[in-house]
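The values are calculated or read from the model by the stated rules, or taken from the named source; none is laboratory data. These figures come from a predicted structure and were not determined experimentally. Every residue, glycine among them, receives a Cβ derived from its backbone with ideal geometry; neighbour counts consider all protein chains shown.
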Amino acid sequence: MLYPIYVHQGDEKHAHGVTVPDFSGCFSAADDWDELPKMVQEAIELYCDGEEMELPKPTSLNKLMKDKQYQGGIWMMLDINVSKLDFKVVQMT
């Protein structure tokens, strides 16, 4: 499932930081761009591990781009393998 991620671009001394808005409080980092998908997938798996939650629907990238808390970074869409997420489904009423 495609989820938007927000990347705070690193440099020679700092890793690229990643925020995953649809998983509140979930973040990751990677030294190389090629490592980002693996590191974000792992962060989301750890975030969901054993939690009672409903799988969030991806937020529209258009909506997120208007949010003032996300300035100066790069938006990407990342395909998260939700079949690897281990959480207890909670029905929202």
Does P4 meet the test of being crowded, with 17+ Cβ neighbours inside 10 Å and at pLDDT 95 or above?
yes
Given the conditions (1) within 11 Å of the chain's Cα centre (by Cα); (2) surrounded by fewer than 11 Cβ atoms within 10 Å (Cβ to Cβ); (3) of a type outside the set (S, T, N, Q); (4) within 13 Å of Y3 (Cβ to Cβ), report the number of the one that K57 does not fulfil.
(1)
Checking the structure you have, find out if any residue of the range 63-70 is surrounded by 15 or more Cβ atoms within 10 Å (Cβ to Cβ) and either of a type in the set (S, T, N, Q) or under 15 Å from M1 (Cβ atoms) (or both).
no
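Somewhere in the range 80-90, is a residue outside any helix (DSSP H, G or I), among the basic types (K, R), modelled with pLDDT under 95 and on the phi < 0 side of the Ramachandran plot?
Yes, because at least one residue in the range 80-90 is outside any helix (DSSP H, G or I), among the basic types (K, R), modelled with pLDDT under 95 and on the phi < 0 side of the Ramachandran plot.
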Please tell me if S83 is among the small types (G, A, S) and buried (at least 17 other Cβ atoms within 10 Å of the Cβ).
no
